[in-house]
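Worksheet: the structure to be examined is printed underneath.
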Amino acid sequence: ASNYPLPYPSSREGRASSVEFELPVAGEWVVLWGGEGRDENRLSGFYPGQRWGMHLVREVDGATHTGDGSFGAQHHCHGEQVFAPAGGEVVRVVDGLADDAPISSGSSVFGNHLVIEVAEGEYLFLTQLLSGSLTPEPGDVVERGQPIARVGASGYLPISPMPHLGLHLQTTPRPL
């Protein structure tokens, strides 16, 4: 048996953030991917910048969507409000990417997304956001709990080929 994929090493290994985060959603959500090990978090082995990231979805009666789930709007998390999990300065905003198109490998990895500098050298990415719903602009300061966007279907990752809210912390604001 192969050990691939293995978690990527990190210069932040064993050093927790000093920032206190809140979940960026209201109500009950499910962690589709998240945690330190590769069995519960495929991000840890395939995407080094998202090693400790999470993908969140909503389930209703055990299902993430209605219909066949091939369109974003069929998913229960689509259009749900996203709140700033921590205060900080918005350093990157990508908006205007097509939303509610069939989920496909031709989509951008992060789709519409925000990057918030939550501490020196700590950048929080919130991804897969609804086109036109991102309210902050680069340079804006957001407060923890402030509404900032809605969940969309503008991005694609092979390990989560459905609408979801992605979030991860990096030491740089540069994607990937």
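The values are calculated or read from the model by the stated rules, or taken from the named source; none is laboratory data. Computed from a prediction, not measured in an experiment: that's the story for all the values here. Heavy atoms of the whole protein, side chains included, go into the accessibility calculation; ligands, DNA and RNA do not. Shrake-Rupley method; radii C 1.70, N 1.55, O 1.52, S 1.80 Å.
What the table shows:
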quantity	calculated
Backbone HN-Hα couplings from phi across the range 139-154 [Karplus 6.51/-1.76/1.60, Hz, Gly and Pro as x]	x, 5, 9, 10, 9, 4, x, 6, x, 10, 5, 10, 5, x, 9, 9
Accessible area in square angstrom per residue, the range 113-176, 1.4 angstrom probe	39
Amide H partners (placed H, <5 Å) of Arg92, local residues excluded	Val115
